[in-house]
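One structure is given here, and the rest of the page talks about it.
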Amino acid sequence: MTLYSLPVSDEKRMIKSCSDLDSKLVKEKEVKSEPIIRNWRNDSFQLMNESLDLIMRKYLMSEEYKNFQGYFVTGTSQKAISLKLVYQMFEKILAHYKIDIYSVWNDMADSAVSITSVKLNVDMYCYAGILLKELKEFPYTLYRALNCRIFTFCGETKMMSPAHKDIFLKKYYNWFFMIDEQKTPEQIRKHLYNTICYNVVNYFKGLNEKWESLNPKSPKGRPRIVLKIGEIKAGYLNPKCYKGCMVDQFEVFEALMVDPQKILAHDDPIVAKKARILLRALVLLDSEGLDEKWWKKKGLVPVSDKQDYIFQGK
C-alpha cells in the first residue's frame, strides 16, 4: 500500500466527523487500494494549482514585488513603487482563487463582536502584499475545500462578551484580516495559518473532543507534577499550548507546516499523534492539492513501509 492511499470506495465520500476520520483511515487488508490522487495532468484542479503556483512564484521574484518588500521593511525603496499595483495583483490572484475582497469602512458592533474600520488604504495595500506571499504556501484546492469565498479587511475585531466567545471566534477566523492587529509579516503569516487550522479542525465534527481526550489528566487526589525549568508538560509541544485546545492546535499545525517529518516523529507520542490527526484531516479535506508531491516539498518523505501508518490511523 502506498503512502497516500485510501480504499477506493472511500475516496469519493465526504467525511465530516472525527469518528469517520478514524474509521476510514484504519488499514483494511481485504480492500484493494489506489493512490488517493489522480494523475494531475488529467485533473483541472491540479492544473489550476500548478498554474497559480507558477504565476505566484514569478511575481514574487519580480522587481515590482522586491521593491514592495523594501518599502515594507524600511519605508523606502530604490525605485518608485505603487503599492496599489501590488494590491491589484493580489486582487487578480484572489479572482483566480474565486475569492472576493471586502473592506470594512464603517465601525460596526453587536452583542458578540465589535469590528472597526480600515483607516488607510495604504495599510490595507501593505497587508495584502504580505498576505500575497503567504497564499502560495497552500494550494488553491484547499481554500476551495474550506469554502473560502471572501477575504475581509478591517481594523480590529474584539469580543464584546465572554458569553459569545464561540460566535466571536467563528467571525474572527472567518477569513477576517485585522490590519491594526497584525502589523508584521510574521503576525500576518501566523494569522493566516491559524485561520486555516481553525477552519480545518471545525470542518470535522468531534475533532476538538478527540484532541482534548489526548491530553494527560492528573488523577484526583494526587499532587500536581512540578516541572523543572525548561521542561514541557507531557502531551504538549510547547508552553503556549497550555492556553487551551485551540492554541494547542495552532502550534501543532504550524509545526506541521514548517517541518512535518520532525513533528510526526516527535519524542512525545501524544504530540506526534496530534500532528497525525491534523495531517489526516488535511489530506482527507483536500486530496487533490495536498498530495504526495506537496508534502514532499514540505519535507515529508517516507523512508519505509513503517511510515505508512501516518495515513492509516495506527
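On a 28 Å Cα-Cα criterion, which of the cross-link pairs K92/K240; K165/K190; K165/K298; K119/K240 come out too long? Working shown, then result.
Values: K92/K240 37 Å; K165/K190 21 Å; K165/K298 34 Å; K119/K240 32 Å.
Checking Cα-Cα distances, K92/K240; K165/K298; K119/K240 exceed 28 Å.
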Which peptide among 114-127, 167-180, 272-285 comes first, and what is the full order, when sorted by highest mean count of other Cβ atoms within 10 Å?
272-285, 167-180, 114-127
With bins of 5 Å, the percent of all Cα-Cα pairs of the stretch 40-202 per bin from 0 is 2, 8, 17, 20, 20, 15, 9, 6, 3, 1, 0
Fewest to most Cβ atoms within 10 Å: H191, H164, H96 sort as H96, H164, H191
Hz values of 3J(HN,Hα) by residue in the stretch 109-126 - Karplus curve (6.51, -1.76, 1.60), Gly and Pro given as x
7, 9, 5, 10, 9, 10, 10, 9, 7, 6, 7, 10, 4, 4, 5, 5, 4, 5
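Between R57 and C245, how high is the FRET efficiency from 1/(1 + (r/R0)^6) when r is the Cβ-Cβ distance and R₀ = 45 Å? Nearest 0.05.
Numbers: r = 36 Å, r/R0 = 0.80.
About 0.80, to the nearest 0.05.
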Would you pull out the residues with amide H under 5 Å of V113's amide H, same chain only if 5 or more places away, H placed 1.01 Å from N?
M160
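Throughout, read-outs are computed from the coordinates displayed, never taken from laboratory work. None of these values were measured; they are calculated from a predicted model. Neighbour counts are summed over all protein chains in view; Cβ atoms, including those assigned to glycine, are modelled from backbone coordinates with ideal geometry.
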